[in-house]
1. Given the structure, is residue 215 under 18 Å from residue 177 (Cα atoms), of a type in the set (Asp, Glu) and at pLDDT 95 or above?
2. Looking at residue 227 and the list (1) part of a helix (DSSP H, G or I); (2) farther than 22 Å from residue 55 by Cα; (3) touching a residue at least 24 places away in the same chain (Cβ under 8 Å), which single condition is not satisfied?
3. Here are some conditions: (1) at pLDDT 95 or above; (2) farther than 24 Å from residue 114 by Cα; (3) not in a helix (DSSP H, G or I). Residue 244 meets all but one. Which one does it not meet?
4. Which one of these does residue 190 not meet: (1) under 23 Å from residue 277 (Cβ atoms); (2) surrounded by 18 or more Cβ atoms within 10 Å (Cβ to Cβ); (3) among the aliphatic types (A, V, I, L, M)?
5. Do we have any residue at all in the stretch 198-210 that's touching a strand residue (DSSP E or B) at 6+ places or on another chain (Cβ under 7 Å), in contact (Cβ under 8 Å) with a residue 12 or more places away in the chain and part of a loop (DSSP other than H, G, I, E, B)?
6. Looking at 172, 183, which one is buried (at least 22 other Cβ atoms within 10 Å of the Cβ) and in a loop (DSSP other than H, G, I, E, B)?
7. List, please: which pairs have Cβ atoms under 6 Å, are six or more places apart or on different chains, and start with a residue in the stretch 252-278 that is free of Cβ contacts under 8 Å to residues at least 60 places away in the same chain and in a helix (DSSP H, G or I) and end with one that is of a type outside the set (A, V, I, L, M, F, W, C) and surrounded by 15 or more Cβ atoms within 10 Å (Cβ to Cβ)?
8. Return yes or no: is residue 249 assigned to a helix (DSSP H, G or I) and more than 24 Å from residue 108 (Cβ to Cβ)?
Amino acid sequence: MTAMTQGMSEWQPVQLPAAQTFEIHSQRTGEIYRVLVRAPSGPPPQAGYPVLWMLDGDASFPLVFSRPAGGLFPSAPMSADCVAGLTVAIGFPGGAPFDAPARSRNYTPQPDQETGDMVSTVFGGAEGFLHFIVEELRPALSALYPLDPARNTLFGFSYGGLFTINTLLHCPGHFQRYWAASPSLWFSDALMMRRMRNNAATSAADRLVITVGKDEQYATHALPAERQDHLSRRAMVDNITEAAGLIARANPAMKVDLIVAADHDHFDMLLHGVRRAQAMAFSKPDTGI
């Protein structure tokens, strides 16, 4: 023992306040998912808890605590404009912040062209993963917590954002509010863009926030030519800006917000979104984000 370590207690696991986790096996997908839950300590609203459903749980869930809810009291509402809500983050066994093969399997629609993904090999499980959330996980949690069926917000980042947009357009009704942070609309030769240009109408949604970092396509600083070519091919800013316009015009009753964040790159948008999606998920109906 050195002088530097004298007086130190035994090492302990790091824990997050008001947080619990469990694993659940999906009959539909055959996979095991790691679920992280943050529940308020107070009584639920009369209609039940609104729920923020977050993908990439092991990356997104710790960021919930970067914005203290109610100051020093992490299980209290964030402000007078918010109600107590349940945060449910879905990850994968092992606790890696980003499990690339699992993300590509679960978050992507069935591709119809080359995927453009240079890492993973299996795609197209979005329909089964959505079934797991709404038909297996949600009923399991509703047996433990009173949930408001009319106050469900879906948050996804990157491939998770692609899943969010795909769910909004093709399987509406399971969620009422959507936050798509830097959705990977380049996937499969811009499959979702092609579909939206043909028909971007949806139903049963109150709100969409779709975001992108400006540096994801138009970097503030000069980049190596190969990297800039990669960003230009994926056209994150152009695609997401166009997508917001297509969805807004096709769904005039839905509130659609586009955020292009200056001086933000791709991974910046995860923290940017988690901090703000909580307020959107738990805000009272007559308030904003």
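The values are calculated or read from the model by the stated rules, or taken from the named source; none is laboratory data. What you are looking at is a predicted structure, and each value in this text was computed from that prediction instead of being measured. Glycine also receives a Cβ, built like all others from the backbone with ideal geometry; neighbour counts cover every protein chain displayed.
1. No, not satisfied.
2. (3)
3. Among (1) at pLDDT 95 or above; (2) farther than 24 Å from residue 114 by Cα; (3) not in a helix (DSSP H, G or I), residue 244 violates only (3).
4. (1)
5. As a first pass, look at the stretch 198-210 and keep what is touching a strand residue (DSSP E or B) at 6+ places or on another chain (Cβ under 7 Å): 205-210.
Pick out the ones that are also in contact (Cβ under 8 Å) with a residue 12 or more places away in the chain and you get 205-210.
With the extra rule that they be part of a loop (DSSP other than H, G, I, E, B), the set shrinks to 205-206.
Yes, there is a match, as at least one residue in the stretch 198-210 is touching a strand residue (DSSP E or B) at 6+ places or on another chain (Cβ under 7 Å), in contact (Cβ under 8 Å) with a residue 12 or more places away in the chain and part of a loop (DSSP other than H, G, I, E, B).
6. Working: 172 fails: buried (at least 22 other Cβ atoms within 10 Å of the Cβ).
Of the residues listed, the single one that is buried (at least 22 other Cβ atoms within 10 Å of the Cβ) and in a loop (DSSP other than H, G, I, E, B) is 183.
7. Partner pairs satisfying both residue conditions: 268/213.
8. So residue 249 fits the description; yes.
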